[in-house]
Amino acid sequence: MGAQQVREGFAALYGAAPEGVWSAPGRVNLIGEHTDYNDGFVMPFALPHTAVAALSRRTDGVLRLHSADVEGGVVELRLDDLAPETDRNWTAYPAGVVWALREAGHAVTGADVHLASTVPSGAGLSSSAALEVVIALALNDLFELGLQRWQLARLCQRAENVYVGAPTGIMDQTASACCEEGHALFLDTRDLSQRQIPFDLAAEGMRLLVVDTQVKHAHSEGEYGKRRAGCERGAALLGVDALRDVPYAELDDALARLGDDEEAVRLVRHVVTEDERVEKVVALLESGDTRAIGPVLVAGHASLRDDFRISCPELDLAVDTALAAGALGARMTGGGFGGSAIVLAEAADVETITKAVEEAFATAQFTAPRVFEAVPAAGARRLS
Ligand code: GLA
């Protein structure tokens with residue numbers, strides 16, 4: 001939905017034009033999965049799919065929220081009543097951001113909000129981070145809070161961890177806030193230092209496809225949290241602050257020290273090798289050897305499937321079929337247990353691969369996947 005439509009929707013609801021309109025994108029992650037809560041490396045890029053929000057300030061401690069994507073009217077909340085884990089609806093994301101800003105001492109006195117999003121929800125493409133970041137950026141502008149993008153991302157993560165109650169890392173919010181068009185974001189999640197890596201596949205005759213398996217995932221429910229706790233246990237057993245601190249060169253030694261603790265071995269091996277894969281992909285892209293990232297993506301999928309154990313039959317089928325049909329690389333992306341896979345392919349092979357994946361899903365009697373091409377888009381910004 002465009003800025004104009006959201007602006008008009010706002011005016012129809014609240015009886016006046018909004019003070020402004022902002023957008024924030026969803027993301028796919030090229031490589032670096034389940035590394036962000038281990039202080040490791042990630043490499044997402046922004047999708048053209050965005051959450052768009054029109055906002056005006058209020059001074060009476062009231063937050064009014066409306067979404068064009070959800071049935072129902074305007075939800076009215078009192079800022080003083082906002083409290084963690086009291087809201088199980090979509091409103092928890094924008095309200096959580098307001099809560100996190102106020103908790104950090106920022107003077108936000110209320111707002112009217114109308115939202116619309118084209119980021120598919122439950123597809124592992126960060127629809128919730130897009131919602132959080134668009135609100136954070138808008139409030140930062142309107143209330144002149146002077147916060148930098150990485151600070152907004154941190155506050156959005158806090159909204160998600162504490163207010164919504166989902167124990168996610170910092171990747172999605174930073175991607176939505178900081179990505180740049182035509183680039184992937186090489187992010188060190190320990191200190192949020194970042195480098196924009198040019199990622200223009202079309203110029204090299206390649207494409208990146210997203211295969212949304214339509215299998216919905218839900219992070220707050222269990223498995224994500226278990227993996228995170230397992231990684232923290234692994235770090236404690238190895239005597240490091242975070243698994244990021246286990247050098248790849250010392251992995252064998254670290255695994256030997258974990259002995260027959262099979263779960264810790266698997267989780268540690270995934271995280272340490274995944275950090276190494278991110279660095280490898282960055283080096284390959286920077287040296288112009290883009291096609292060579294394919295096998296690294298494939299190795300990443302195997303590690304998530306076999307060691308981290310967060311894939312599912314639909315994701316594996318999408319990856320295996322795409323590779324058999326000639327893809328250069330493919331892997332699941334995002335939190336896992338459903339959601340989306342990415343496929344790196346020669347432009348000339350896109351049609352064959354798409355058809356093969358669709359047919360394989362039909363044969364397996366899975367819900368038809370949604371396949372689309374992803375080109376690195378802009379991060380969050382003010383539209384008007
Ligand atoms: C979800 C979380 C992120 C990250 C990924 C896995 O998207 O929100 O913080 O942990 O899963 O890489």
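The values are calculated or read from the model by the stated rules, or taken from the named source; none is laboratory data. Predicted model only: the values in this text are computed from it and were never measured. Heads up, the Cβs are rebuilt from the backbone with ideal geometry, glycines too, and the neighbour counts pull from every protein chain shown. Accessible surface areas use protein heavy atoms only, side chains included; no ligands, DNA or RNA. Shrake-Rupley method; radii C 1.70, N 1.55, O 1.52, S 1.80 Å.
Multiplying the sequence separation of Lys216 and Phe366 by 0.36 nm and subtracting their Cα-Cα distance, what value in nm do you get? Can you show the working numbers first?
Values: separation 150, 0.36 × 150 = 54.00 nm, distance 1.29 nm.
Length gained between Lys216 and Phe366: 52.7 nm.
Over the chain, dividing the summed -39,500 (n - 2.57) contributions of all DSSP H runs of at least 4 residues by the number of residues returns a 222 nm mean residue ellipticity of -12000 deg cm²/dmol. For segment 200-373, averaging the sequence separation of C-alpha pairs within contact (under 8 Å, six or more residues apart) and dividing by the residue count gives a relative contact order of 33 percent. Between Ala364, Ala53, Ala322, the GNM of the chain built on Cα springs shorter than 10 angstrom shows Ala364 fluctuating the most. Our summary gives the chain a relative contact order of 24 percent, counting only alpha carbon pairs under 8 angstrom and 6 or more residues apart.
For segment 265-370, which whole percent of the accessible surface, found with a 1.4 angstrom probe, sits on carbon and sulfur atoms?
Carbon-and-sulfur percentage of accessible area, whole number: 52.
Between helix 127-142 and the chain there is an angle of about 40 degrees, using the helix long axis and the longest principal axis of the Cα atoms. Applying 1/(1 + (r/R0)^6) with R0 = 22 Å to the Cβ-Cβ distance of Glu262 and Arg190, what FRET efficiency is obtained, to the nearest 0.05? Given R0 = 22 Å and the Cβ-Cβ separation, E is 0.20.
Mind checking the per residue accessible area of the chain for me, 1.4 Å probe, whole number of Å²? Please list the in-between numbers first.
Values: 14880 Å² over 384 residues.
Value returned for the chain: 39 Å² of accessible area per residue.
For the residues Leu13, Leu63, Leu55, a GNM of the chain with alpha-carbon springs under 10 Å puts the largest fluctuation on Leu13.
Could you tell me the relative contact order of segment 105-236? Use alpha-carbon pairs under 8 Å, at least six residues apart, and round to a whole percent. Numbers along the way, then the final one.
Values: 113 pairs, mean separation 28.3, N = 132.
Contact order relative to length: 21 percent.
I want the local charge near Ala104. Using Cβ-Cβ distances under 11 Å, sum +1 for each Lys or Arg and -1 for each Asp or Glu among the other residues. Residues near Ala104 contribute +2 overall. If you build a Gaussian network model of the chain, linking Cα atoms that sit under 10 Å apart, which residue out of Met171, Met206, Met43 swings the most? Result for the chain, Cα springs under 10 Å: Met206 fluctuates most. Within the accessible area of segment 100-214, the carbon and sulfur atoms contribute 46%, probe 1.4 Å, all protein chains present. Indicate the gyration tensor shape class of segment 114-261 (rounded, prolate or oblate), computed on the Cα atoms with a ≥ b ≥ c the square roots of the eigenvalues: a/c under 1.5 is rounded; otherwise a/b larger than b/c is prolate and the rest oblate. Cα axes put segment 114-261 in the prolate bin.
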